[in-house]
Amino acid sequence: MNFKNVVVAGGGVLGTQIGLMCAYTGHKVTFWLRSEASIGRTEPKIARYTEMMLQDLEAAKNLVGNPIGGMLYPRGLIRSWDGITAEKIDQLVKDGAEALKNNITIEIDMAKALSGADIVIESMSEDPKAKIGVYEAMKDLLDPDTILCTNSSTMLPSTFAEYTGRPDKYCALHFANTIWKNNTAEVMGHPGTDANVYNKVVEFADEINMVPLKLHKEQPGYILNSMLVPFLTAAQSLWANEVSDPETIDLTWRLATGAPAGPFQILDIVGLETAYNINQMKPEAADETSTTYKIGKLLKEKIDKGETGINSGKGFYEYK
């Protein structure tokens, strides 16, 4: 294991999952959070995703011997399905529960959190000014060899490289949601990223049971979100323009494609605050006659009511 100490800056939906996946694979993980209030929001996520991961691992025993078990198992939690047995999964559950309990620390003192870090993964909200502020606060606290990554869903690392104090050791590392099942890790450098650092990030992704997906050049939205964001925007446009309601739009997509979830169910998982931030970065978001403006207004109404998605118990759907 080349990376022993991992710092995740941020305790949102993906930040929490990234930290847990690193802990599960034996890395020491520190969550750096801004405040005690942030801890109060993050700890329930840690508990919830820990439970989900272990439940999915336990349920994988039912797939042993199933001809399609190799297609359905949680790929981030079981490194290889070849030769897997119920007994081996029981051991993974036991070891995983211990690792998720013992390998995680939460810290609000930035200097203390960053000390000794091999890699730092910034997973803050999609707010450029906030990200720049975090990088400028970090740059004099990081050890000389620490690699810094961003998990930004839509923004390019070249936008922020100059603010990090280590542009050659900075790149993007982007994960899909429920990363213990959808174990993708898109690695995207910027023109100043050192090739050796890029390769080390690819190695790190493999260490935490992800499949590294290497991008050859910068692309807003990487591979996944270059396809996903337009899809979600199309669905939100149908809603904002009163063509149909979220439930019917989701039903249409599921029935017509066989997909397990519709776009508004996906938005609940991603989180409406993230969807809102991405929407508001579009220039037309300020034009009151535009569909983008209507989408932002509708999302903000739900956010103001606390309906931010699955983690709050309600978004477009209710969760109990």
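Table for the structure above
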| item | result |
| --- | --- |
| Candidate aspartates and glutamates for bridging to K4, where Cα separation is under 16 Å - those fewer than 8 sequence places away on the same chain excluded | D118, D143, D145, E203, D206, E207 |
| For region 254-311, size of Cβ-based charge dipole, Lys and Arg +1, Asp and Glu -1, in debye | 140 |
| Exposure of E107 as accessible area (Å², to 10), given a probe of 1.4 Å and all protein chains | 30 |
| Ranking by accessible area, most exposed first, for E203, E186 with a 1.4 Å probe | E203, E186 |
| Spin-label proximity, E242 to region 267-294 - amide N less than 14 Å from point 7 Å beyond Cα toward beta carbon | 294 |
| Selected from G165, S152, T178, residue furthest toward positive end of dipole (region 136-183; charges at beta carbon) | T178 |
| Solvent-accessible surface ranking, highest first, for R41, R166, R254 at 1.4 angstrom | R41, R254, R166 |
| Surface accessible to a 1.4 Å probe, E98 within the full protein complex, Å² | 110 |
| Efficiency of FRET from Cβ geometry, M71 and T291, R₀ 45 Å, rounded to 0.05 | 0.75 |
| With all protein chains modelled, accessible area of I249 [1.4 Å, Å²] | 20 |
| Table column - 3J(HN,Hα) (Hz), region 151-166, Karplus curve with 6.51, -1.76, 1.60, x for Gly and Pro | 9, 3, 7, 10, 9, 7, x, 5, 5, 10, 3, 5, 8, 7, x, 8 |
| Loop-located trypsin sites (Lys or Arg not before Pro) in region 155-221 whose Cβ has at most 11 other Cβ within 10 Å (DSSP) | K217 |
| Mean projected area (nm²) of the alpha-carbon convex hull when region 1-113 is viewed from all directions | 7.4 |
| Mean-position separation - Cα centroids, region 275-320 and region 190-223, in angstrom | 31 |
| Listed residue pairs exceeding 32 Å between alpha carbons, taken from K28/K88; K139/K214; K94/K320; K94/K302; K61/K217; K131/K297 | K94/K302; K61/K217 |
| Protein-only accessible surface order, largest first, of W32, W253 at 1.4 Å | W253, W32 |
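The values are calculated or read from the model by the stated rules, or taken from the named source; none is laboratory data. Model, not experiment: these values are computed from the prediction. Note that we place each Cβ from the backbone using ideal geometry, even for glycine, and neighbour counts take in every protein chain shown. Keep in mind that these areas ignore ligands, DNA and RNA; they rest on the heavy atoms of the full protein, side chains included. Shrake-Rupley method; radii C 1.70, N 1.55, O 1.52, S 1.80 Å.
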